[in-house]
Amino acid sequence: MNGMLEKGKAEKHVEQVQYAAYKQFCDDTSGQKKAAIAAADEQIGILGADIEKFTSDAAQRAKEIAGHDEDISLWNGDIKATTKVRDIEKADYDATHKDYSESVDALGRAISTLKGQTADRTQASLSQVAALKGLSLIPDSAKASIASFLADDGLDVTAPEANAYEFQSQGVVDMLEKLLDEFIAKRTELEKEEHESKSAFQMLLADLTAQIARAEEERDTAAADKAKKLEAKATAEGDLADTTAVRAEDQKYLDDLTATCEQKATDFESRQQLRTEEMEAIDKAIEIISSGAVAGSAEKHLPGLVEVSSLVQLKSSEVPQLKSQERVAQFLQARAGQLKSRVLAALAVRVAEDPFVKVRKMIKDLIVRLMEEANAEAEHKGWCDTELATNEQTRTEKSDAVANLKSQIDELEASIVKETEEIGDLMTALSELAAAMEKATNLRAEEKETNEATVKDAQEAQTAVAQALTVLEEFYAKAGAATALLQQEPPPSFDTPYQGMQSENGGVVGMLEVIQSDFARLEAETKASEATAQKEYDVFMSDSKIDKESKETDVEHKTAKKEGEEKAVGVAKEDLEGTQKELTAALSYFDKLKPSCVESDVSYEDRVAGRKAEIESLQEALQILNGGGI
């Protein structure tokens, strides 16, 4: 019964060691799973927010794309409508310009014919003049004068009626020349209006085209960004599904583990309670059996039980005791040689020398001590296994974390250097662009000022020339009328009557008309040049502003990215410092574990086997002492 009691104590202790190791496993695994579930919950929240943000951004981009499409459609409609209106204006201009050109050409031919006519070419002159009646632009009053002139086509242009005919013809010529000047001026004004209308149309078309190009570029950028947002959303949704699934698996494992561990705890408490009660019962039984009533009665009435009773064995004769003691000493000596056990060898010497009662107690004590050592070593082994596994996991995780953080810092620092260079390049480009825009603005202002001065001078010159022409035309009209009233031949020194210098190689009137035409052409060309230069400037400034805004946006984005990366580097370095400290602590703790858990000449299994053999040998020795065989 004493053996049963000792066995029960040993098994109870073994159970305690086993449960301690199992409880450590439950606590460690439960903590890891709870941490993983908490991290998954946090990640699920982040991914949900990211998905909502990506969805909102994609919707915003879709709205921007729709707005750009609407603007592009409207501007294309404006281009079509403006082009249609321009085509109508051009058609009207071509028709009107053709009428003026035909009228100018017909008037020129009629005037030339009338000025160069003689008596024998009167009929041809009348035909040229009669052709003017068919022109739509000739005023009705002029047509009436022409009709009146043609009504006298039967006039006999012989002396003395020749002067009267010449006077009448000169009146028609003056009228036609005035009409010719009016038609040329109106055709010139029409050409100026057409040029201005064409320039305005081209500028409007260029502006609409530039707006469409900008809108298309912005639309393409928004479409690309929308695609990226949708792709990021899909990726986040995939990650969310994976994280949710893994979290569910972790939660299920944690629930199962918790239930199992709780059940194990309940079972352990029940077993421990049962074993305690069992040992208490055995103690009570031993106490009863050891009492005088039981032991004395057994010795008196049950002599067959003397061999198995420890009380009776202690009272047995000396001869059997000595024989058993010798057999135990020999047995222990032999087993010590086989197991190479110093404990058994020392015990063999003590058995041969010590009294019988002390030997048996010494063997029992030694068995108990060896069992306690076995339990203690088993408990230590479980603790070592747990600590080594945890430490190895920590060292692996921290080593990987240190490597990842170093790699992350290297990547971030390389990106910061790149962003810094790109920002510098963009700032240089912006500075150069600003200088170019300022230079273009100054040149445009100077050119515009010069063109405006030129146009003003040309207009003032045309006004002055027109005034001079009016004075001269009035003078020559009077001079022509005066010479037409002469009824006698001019003095012998003159071949023809003097009517002023307008008839000499075009005269001063022709020269002024040429000057006026030159100034009109100068005004038109300067205005056209100004319009072209302004258009080119507007296009350049528009493109430059777009380029400037794009570069400034790039600078803002890259600066923000750089600042974020610099903050990330600081955080990563702090994390690296903390993780490195944790890794150093884990390595230091591993060095402390090695002497008691790793470094040993004999393996744990060999020590367990040797101790088991020693205990078995001691138990056999005890059996010999109790009267049994080997």
If R0 = 22 Å, then Glu574 and Lys418, at their Cβ-Cβ distance, give a FRET efficiency to the nearest 0.05 of 0.40
R0 = 45 Å: FRET efficiency of Ala466 with Lys439, Cβ-based, nearest 0.05? 0.65
How would you order 616-622, 570-576 from highest to lowest mean count of nearby Cβ atoms within 10 Å? 616-622, 570-576
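Quick one: net charge of Gln516's neighbours, Cβ under 11 Å, K/R +1, D/E -1?
Charge balance near Gln516 sits at -3.
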Take Thr29 and Glu563, extend 7 Å from each Cα along the Cα→Cβ direction, and tell me the distance between the two endpoints in nm. 5.0 nm
Violations at 25 Å Cα threshold for listed pairs Lys53/Lys573; Lys198/Lys448; Lys98/Lys133; Lys12/Lys34; Lys186/Lys535; Lys226/Lys551 -> Lys53/Lys573; Lys12/Lys34; Lys186/Lys535
What per residue convex hull volume, in Å³, do the alpha-carbon atoms of region 173-233 yield? 36 Å³
Cα gyration tensor of region 541-599 diagonalised, 5x eigenvalues square-rooted, in angstrom largest first, produces semi-axes 55, 8, 4
State the Cα centre-to-centre distance between region 1-50 and region 357-399 in whole Å. 19 Å
Please compute the modelled spin-label separation between Ser112 and Gln393, points set 7 Å along Cα→Cβ, answer in nm with one decimal. 11.2 nm
Glu6 neighbourhood, Cβ < 11 Å, K/R = +1, D/E = -1, net charge +1
Under 14 Å, Cβ to Cβ, from Ala445 - net charge with Lys/Arg +1 and Asp/Glu -1: -4
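Determine the gain in length on full extension of the stretch Ala613-Ala234; use 0.36 nm per residue of separation and subtract their C-alpha separation, reporting nm with one decimal. Could the numbers behind the result be given before it?
Numbers: separation 379, 0.36 × 379 = 136.44 nm, distance 6.58 nm.
Here the segment from Ala613 to Ala234 would lengthen by 129.9 nm.
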Mind giving me the FRET efficiency for Ser407 and Lys192? R0 is 60 Å, r the Cβ-Cβ distance, nearest 0.05 is fine. 0.25
Label zone at Glu525, where the point sits 7 Å out along the Cα-to-Cβ direction: region 443-468 residues whose backbone N lies under 15 Å: 451, 454-455, 458-459
Taking Leu433, Leu512, Leu179 and counting other C-beta atoms within 10 Å, the order from fewest to most: Leu433, Leu512, Leu179
Pairwise label distance in nanometres, Asp255 with Asp606, each label 7 Å out on the Cα-Cβ vector: 5.0 nm
To one decimal place, what orientation-averaged projected area in nm² is obtained for the convex hull of the Cα set of region 2-49? 3.1 nm²
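Every number here is computed from the coordinates shown, using simple stated rules; none is lab data. Predicted, not measured: the structure shown is a model, and the values here were computed from it. Glycine gets a Cβ as well: all are built from the backbone with ideal geometry, and neighbour counts include every protein chain shown.
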